[in-house]
Structure formats: structure tokens, C-alpha cells
Amino acid sequence: MVNLNQRHPIESIGILILVILFHIFGILGLLFLMHSNKKEDMPAPLEIRVVDVSSAASSASAQVSQPPAPEMIVPPPPEIEPPPINTEAPVQPKPPKIVKKQIKKREPAAQPAKSSASDSQNQGNMNGTSGEGMSNTPNDGPPDRSAGSRALNGVKMNYPPDMEAAGKEGRVILSCDIEADGHTNNCNVIEAKGGNSFKEEALRYVASARYRPATRNGMPVKEKNHRLTISFKLGAG
């Protein structure tokens, strides 16, 4: 006898495959339904826009017309008369008088020249120089003190040998400019007695001599045309 309840193994496999496929399709159907429900529940994505504030403000101001600003009228300033101008010159104060004090300086003592024994007799036979002190610098007034009459540097005067041998005496008057440092300048012979030898010796002497200068307000100044007299005498002590 043949058992009808026994199935062929191929049929069993086919049924098993159908059962598996049914479950698979059932699972896929559930997944599909769940996915569609999630899509419906999700909110729509937000839309982000960048808005230019300045352009928006300008467009808004263009749309809304503003009333014009009121005009400010400035009143003119009040007229003020200028003060009167004083045309008179101010009185200037008188400058104070300047009193100059005259400072008297001590005159340096003349140092006599050291002479040798051979020419001591000639030195003793001559008077030396004497200053008139009557001239001054033009346009400056007379000096407070005229230049000295005797040399301060000890220059020697020599009696001319020819005049000494002839026994003659002489006198020479000269006019010299005494500089502020005591040196002589522009010396000229005004009068000469006794011969040319006395005149030449007198010019040589004053050119080498240095005198005490004239002073004005205590300061040494140049004195023009100062007269100097040189006397040549034999046997004078």
C-alpha cells in the first residue's frame, strides 16, 4: 500500500521556499510601511535666506517718503559801531641820563734807560722830550688826559757827533700821532734849530720811542698832532 500522507521531498522543499519567501516579503512590506510613515512625520527642512540690511533699509526709505527738514534762518548780527581810533602818538618817556664815572688810572713811572759809561755824558747833555698836549682827535672832543712827554721804553738819544764836535746846540719840535698803544705815527718836523743832524736824530728817536697814550673816560685813545720838543744842549746836567 502507498501512504498518501508521505510527500515527495521536492514538494517539501518548494513549500519551505514559499514559506521563507512569504516571510521575506512580509518583513519587506513592514519595513516599507515604516519608512513611508517616517517620511510623513519628518518636518520640512528650514529655508535660510541672507537679507542685506542696508539694501532693505534703502528700499524701505525709498518706499516711505520723508518730509523735508525745516530750513533754519540765522538772523543777522546787530550792528555795533567800532570804537574811535586814537591817532595821537603816545608820549614816549625820556631816557635816563647816563652818568659816566671817570676812572683815574695811575700813570706808570718812566723807567730810565741803562746807559754805558761811554754814552752817559751825551745822555746828560740832552733835555729829552716834552709834550705840548694841545691837540686831540677831531669830532671826538679833547681827551681827558694828553699823551705823555717822555718815552717809557728807555730808548736812547744820541748827540750828533758832528754837532758835538762843532760845539753846537739845537732844538727840534715835532708833531706826531700817539696811538692807543703808545707808538708814534705820522711824525713831522715843525721847527728845527741847529742843523739837519738834530732833525734826523729827533725823527729817529720818536720813531723808536713809546709814550703813555692819552685817555678818554679812563680808556686809552689815539691823539693826533701831539707836539713833542727835543732839546740838544752841551754840558747840561
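Summary table below
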| item | result |
| --- | --- |
| Amide H contacts of residue 216 (H built 1.01 Å from N, under 5 Å, at least 5 apart or other chain) | 144, 221 |
| Backbone HN-Hα couplings from phi across region 212-229 [Karplus 6.51/-1.76/1.60, Hz, Gly and Pro as x] | 6, x, 6, 10, 9, 6, x, 10, x, 9, 7, 10, 8, 6, 7, 8, 10, 10 |
| Distance between modelled label sites at residue 162 and residue 16, nm, 7 Å Cα→Cβ extension | 18.3 |
| Dipole moment magnitude, nearest 20 debye, region 128-232 about Cα centre, only Lys, Arg, Asp, Glu C-beta charged | 160 |
| Under Karplus coefficients 6.51, -1.76 and 1.60, residue-wise ³J(HN,Hα) of region 200-207 in Hz, glycine/proline x | 5, 5, 5, 5, 5, 5, 5, 5 |
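Bear in mind that the values in this text are calculations on the coordinates, not laboratory data. Here the structure is a predicted model, which is why all the values come from computation and not from measurement. All Cβ positions, glycine included, derive from the backbone under ideal geometry; neighbour counts span all protein chains shown.
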